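Asker: Sharing a structure below in structure tokens format, with a few things to ask.
The values are calculated or read from the model by the stated rules, or taken from the named source; none is laboratory data. As the structure is a prediction and not an experimental result, all values here were calculated from the model. Glycine gets a Cβ as well: all are built from the backbone with ideal geometry, and neighbour counts include every protein chain shown.
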Amino acid sequence: MPEGDTVYRTAAKLREALAGKTLTGCDVRVPKFATVDLTGCVVDEVLSRGKHLFIRVGDASIHSHLKMDGAWLIDGQLRRVQAHKIRIILEAGDTRAAGVDLGVLEILERAHDMDVVAHLGPDLLDDEWEPRIAAANLSADPDRPLAETLLDQRVMAGVGNVYANELCFVMGHLPTAPVSDVKDPLRMVQRARDMLWLNRSRINRTTTGDTRPGRDLWVYGRAGRECRRCGATIESDQSGDRVSFWCPVDQT
Ligand SMILES: [Zn+2]
């Protein structure tokens, strides 16, 4: 599942491909917006807010959310895509960008496009990231399980399931531990910021500092394998809506 850093990189890629260019083609394949045609309008900016992406074109703003399997692909990346998965195609001269399998695609009025992200907590990848607000949000409901709270985009925006599990490991807490176990919420949200920030321009995400395949994560996806820190067997649980992973020794 795409996390905040993936969306941030996607925005950078689209910005490089489209910003400042006039659209020469616009094909929206979502029934509600099928008649929208932004051909002739200039792409002014592309921005991400948490896991939401906005392409501002003229008076409109193309809002998308990648959800589970969505992606924006450009030029050569489009060759192998099945046509029925495409939700929107934007063309600017020789450049083509397509939104594929997007969980959300809507065309908003640019003047009000930020209304759809008004509920989000501080964006972990915002230059003006607000850690104190995020820390207060994190500890607002003391009995709530930690991983679930980290995943709540109203607490802070950008953490997906990979980071939620990795953060619980580096802070030494079980994913199911109550938030009240976190003695220094400010430190925890700063770790979250650091993790996403370090990965925002990387294709190979790492939380361990090692980008080599198989060494990049502490616990996520490593059920049954040895903990890199203590050698205990990593455990996992798939019974909730999301799978979780933890070291039974390092996390309490
Ligand atoms: Zn361990």
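Asker: Hey, TRP246 hits all of (1) within 16 Å of the ligand (Cβ to nearest atom); (2) within 20 Å of HIS173 (Cα to Cα); (3) surrounded by fewer than 16 Cβ atoms within 10 Å (Cβ to Cβ) but one; which does it fall short on?
Answerer: Of everything listed in (1) within 16 Å of the ligand (Cβ to nearest atom); (2) within 20 Å of HIS173 (Cα to Cα); (3) surrounded by fewer than 16 Cβ atoms within 10 Å (Cβ to Cβ), TRP246 misses just condition (3).
Asker: Then there is this: How many residues does segment 78-100 contain that are of a type in the set (D, E, K, R) and either surrounded by fewer than 17 Cβ atoms within 10 Å (Cβ to Cβ) or out of contact with any strand residue (DSSP E or B) (no Cβ under 7 Å at 6 or more places or on another chain) (or both)?
Answerer: Taking segment 78-100 as the starting set, the residues that turn out to be of a type in the set (D, E, K, R) are 79-80, 85, 87, 91, 94, 96.
So of that shortlist, the ones also either surrounded by fewer than 17 Cβ atoms within 10 Å (Cβ to Cβ) or out of contact with any strand residue (DSSP E or B) (no Cβ under 7 Å at 6 or more places or on another chain) (or both) come out as 79-80, 85, 94.
Counting residues in segment 78-100 that are of a type in the set (D, E, K, R) and either surrounded by fewer than 17 Cβ atoms within 10 Å (Cβ to Cβ) or out of contact with any strand residue (DSSP E or B) (no Cβ under 7 Å at 6 or more places or on another chain) (or both) gives 4.
Asker: If you don't mind, another one. Give the residue that is nearest to CYS168 (Cα to Cα), with candidates limited to residues of segment 229-242 that are loosely packed, with under 15 Cβ neighbours inside 10 Å and either of a type in the set (Val, Ile, Thr) or more than 8 Å from the ligand (Cβ to nearest atom) (or both).
Answerer: Filtering segment 229-242 down to residues loosely packed, with under 15 Cβ neighbours inside 10 Å leaves 229-233, 237-241.
So of that shortlist, the ones also either of a type in the set (Val, Ile, Thr) or more than 8 Å from the ligand (Cβ to nearest atom) (or both) come out as 233, 237-241.
Details: THR233: 16, ASP237: 14, GLN238: 16, SER239: 18, GLY240: 17, ASP241: 17 Å.
Applying the filter and picking the extreme gives ASP237.
Asker: What are the residues in segment 214-228 that are more than 27 Å from LYS183 (Cα to Cα) and near the ligand (Cβ under 9 Å from one of its atoms), if any?
Answerer: GLU226
Asker: Also, I was wondering about something else. Is it the case that segment 42-59 has a residue that's in contact with a Leu (Cβ under 7 Å, 6 or more places away or on another chain), touching a residue at least 24 places away in the same chain (Cβ under 8 Å), more than 20 Å from GLY158 (Cα to Cα) and not β-branched (Val, Ile, Thr)?
Answerer: Within segment 42-59 (the criterion being in contact with a Leu (Cβ under 7 Å, 6 or more places away or on another chain), touching a residue at least 24 places away in the same chain (Cβ under 8 Å), more than 20 Å from GLY158 (Cα to Cα) and not β-branched (Val, Ile, Thr)), the answer is yes, since at least one residue qualifies.
Asker: Would you mind stating whether THR233 is modelled with pLDDT under 95 and over 22 Å from the mean Cα position of the chain (by Cα)?
Answerer: Judged against the criteria, THR233 is not a match.
Asker: Residue by residue through segment 53-77, note down the ones that are surrounded by 18 or more Cβ atoms within 10 Å (Cβ to Cβ) and of a type in the set (A, V, I, L, M).
Answerer: Scanning segment 53-77 gives LEU53, ILE55, VAL57, ALA60, ILE62, LEU66, LEU73.
Asker: Do any residues in segment 97-125 that are closer than 24 Å to VAL155 by Cβ have Cβ atoms under 6 Å from those of residues that are part of a helix (DSSP H, G or I) and polar (S, T, N, Q), where the two are at least six apart or on different chains, and which pairs are they?
Answerer: The qualifying pairs are GLY121/ASN137.
Asker: Of the residues that sit in segment 193-213 and are farther than 24 Å from ALA134 by Cα and under 20 Å from the mean Cα position of the chain (by Cα), which one is nearest to the ligand (Cβ to nearest atom)? Quick ask: steps written out before the conclusion?
Answerer: First pass over segment 193-213, keeping only residues farther than 24 Å from ALA134 by Cα: 202-204, 209-213.
If we keep only those that are under 20 Å from the mean Cα position of the chain (by Cα) too, we end up with 202-204, 209, 211.
Working: ARG202: 25, ILE203: 28, ASN204: 23, GLY209: 17, THR211: 21 Å.
Among those that are farther than 24 Å from ALA134 by Cα and under 20 Å from the mean Cα position of the chain (by Cα), it is GLY209.
Condition check ((1) in a loop (DSSP other than H, G, I, E, B); (2) over 18 Å from ASP250 (Cβ atoms)) across all residues:
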residue: LEU125; (1), (2): yes, yes
residue: VAL170; (1), (2): no, no
residue: MET188; (1), (2): no, no
residue: ARG193; (1), (2): no, yes
residue: GLY209; (1), (2): yes, no
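Asker: Please tell me if ASP216 is among the acidic types (Asp, Glu), in a loop (DSSP other than H, G, I, E, B) and under 21 Å from the mean Cα position of the chain (by Cα).
Answerer: So ASP216 fits the description; yes.
Asker: Moving to a separate point now. Which pairs have Cβ atoms under 9 Å, sit 6 or more apart or on different chains, and link a residue in segment 229-252 that is without any contact (Cβ under 8 Å) to a residue 60 or more places away in the chain and more than 13 Å from PRO145 (Cβ to Cβ) to one that is in a loop (DSSP other than H, G, I, E, B) and away from the ligand (no atom under 15 Å from the Cβ)?
Answerer: Listed by first residue and then by second, the contacts come to SER236/GLY221; SER236/VAL243.
Asker: A further question on this structure: Check whether at least one residue in segment 178-190 is within 16 Å of the ligand (Cβ to nearest atom), over 26 Å from ALA11 (Cβ atoms) and at pLDDT 95 or above, and report yes or no.
Answerer: No, segment 178-190 contains no residue that is within 16 Å of the ligand (Cβ to nearest atom), over 26 Å from ALA11 (Cβ atoms) and at pLDDT 95 or above.
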